[in-house]
1. Using a/c under 1.5 as the rounded threshold, could you call segment 1-94 rounded, prolate or oblate? The axes a ≥ b ≥ c are square roots of the C-alpha gyration tensor eigenvalues, and prolate needs a/b larger than b/c, oblate otherwise.
2. Quick one: if the Förster radius is 45 Å, what FRET efficiency do I407 and D242 give, using the C-beta to C-beta distance and rounding to 0.05?
3. What's the extension gain from K146 to R61 if we count 0.36 nm per residue and subtract their Cα-Cα distance?
4. Run the count for segment 303-442, please: Lys pairs, Cα-Cα under 24 angstrom, 8 or more apart or on different chains.
5. I need the peptides 278-284, 364-370 ranked by packing, meaning the mean over residues of other C-beta atoms within 10 angstrom, with the highest value on top.
6. Quick one: length gained pulling S97 to K359 fully straight, 0.36 nm per residue minus the C-alpha distance?
7. Would you please put 168-177, 147-156 in order of how densely packed they are, using the mean number of other Cβ atoms within 10 angstrom per residue and starting with the highest?
8. Where does the chain land at 222 nm, in deg cm²/dmol rounded to the nearest 500, when only DSSP H runs of n ≥ 4 count, each adding -39500 (n - 2.57), divided by all residues?
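The values are calculated or read from the model by the stated rules, or taken from the named source; none is laboratory data. Bear in mind that the values here come from a model prediction, so they are computed numbers and not experimental data. Note: ideal-geometry Cβ built from the backbone for every residue, glycine included; neighbour counts use all protein chains shown. With ligands, DNA and RNA removed, areas are computed over all heavy atoms of the protein, side chains included. Shrake-Rupley method; radii C 1.70, N 1.55, O 1.52, S 1.80 Å.
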Amino acid sequence: MEGGGNLEASIEQLLNVEKQMRLAGEVAGTKKAVTDILQLCFEARAWKTLNDQIILLSKRRGQLKQAVTAMVQQAMQYIDETPDLETRIELIKTLNSVSAGKIYVEIERARLIKKLAKIKEGQGLIAEAADLMQEVAVETFGAMAKTEKIAFILEQVRLCLDRQDFVRAQILSRKISPRVFDADTSKEKKKPKEGDNMVEEPPADIPSLLELKRIYYELMIRYYTHNNDYLEICRCYKSIYDIPSVKENPAQWMPVLRKICWYLVLAPHDPMQSSLLNSTLEDKNLSEIANFKLLLKQVVTMEVIQWTSLWNTYKDEFENEKSMLGGTLGDKAAEDLRQRIIEHNILVVSKYYSRITLKRLAELLCLSIQEAEKHLSDMVVSKALVAKIDRPMGVVCFQTAKDSNDILNSWSLNLEKLLDLVEKSCHQIHKETMVHKAALKV
């Protein structure tokens, strides 16, 4: 009790000093009095008194901003020293209520909320943790370091993915531009001019920009896996593959390159997929995994691929990658792979044939006539190719029906070519005649 009385008396004395300094407008004196009060409470382990004093000091009339900032920063150092979880949560909530709505302690508030969200997540309350994190819009904080902002937004995205809130995860992920990871960090930081906002140094536990790049793309892979967007997943892996630390270590780049190859084959055929496919084939590292190079070459080459022989060759590789494709996606990916091979084969057939019977098409695709017709119809609907099926005759026509204008244009073009040839021939004949005449005169 005596110790408690001494503490109260000491606090009372310091409160009087703080009042005099505050009314006199002495910033340094006010800050020292405020931090000393908190230090006394901390040394006496009087956590309830500490919380009460923080609230009391922040609400005093005409309290200086610098004093509130110093008080919040000082109290944040005590969070890890709290005896139990309940006391820790109480202190964080107190500091949170003090810093709410005050722009000069917005960074401290963001860090406090992150700590509280971590505690909630540890207790299994992921939804509560995600809601807490979403309250803070760190992208508007001018004084916060870039890496800390990115790390905070990535934490928001991760919690949204953990609670299966994919729509909000996508909205939050768009706050980060992928170009920010390509910034040249080796350049020297410019010294801020007078009047510029001072950017705070990020805490020691914040990862570097390249580590954040990897975390960002790993989270985006989780998001795109939910939609089975194979091409976007492939692009994310490609970005991870381009990180210098990954490219220098074969143990890291080899599994990533295998994933790129699988997702390229699984992605539907379009210009972006074709471009990525060709650029991956040119990668020198691909020769280290020759069977995957062969797989990509088969997909690029305009020849019919026999599904059964391909599946027998790559079945074991595919089974090994099931963990990569994510448990439940394994069977779906096998179906999609077969679908992509059928689509490739139909495109090959359309390139070499203008008309083909359905029976022959089904033989080339190793499918029944009904299945071949279904796959062909799906591709026509998705505008992957142009075709017409004459069902009574059992014939597929891959030529586009031309209108009268197109036919007339092609005729006129052919006539122009013919006339050009006639003119060139006449010119050559005339030239030869002149040469012979000249020879005879001599």
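1. oblate
2. 0.35
3. Net length gain for the segment: 27.1 nm.
4. 20
5. The packing order, highest mean first, is 364-370, 278-284.
6. Contour length minus Cα-Cα distance gives 86.8 nm.
7. Top of the packing list down: 147-156, 168-177.
8. Result for the chain: -22500 deg cm²/dmol, rounded to the nearest 500.
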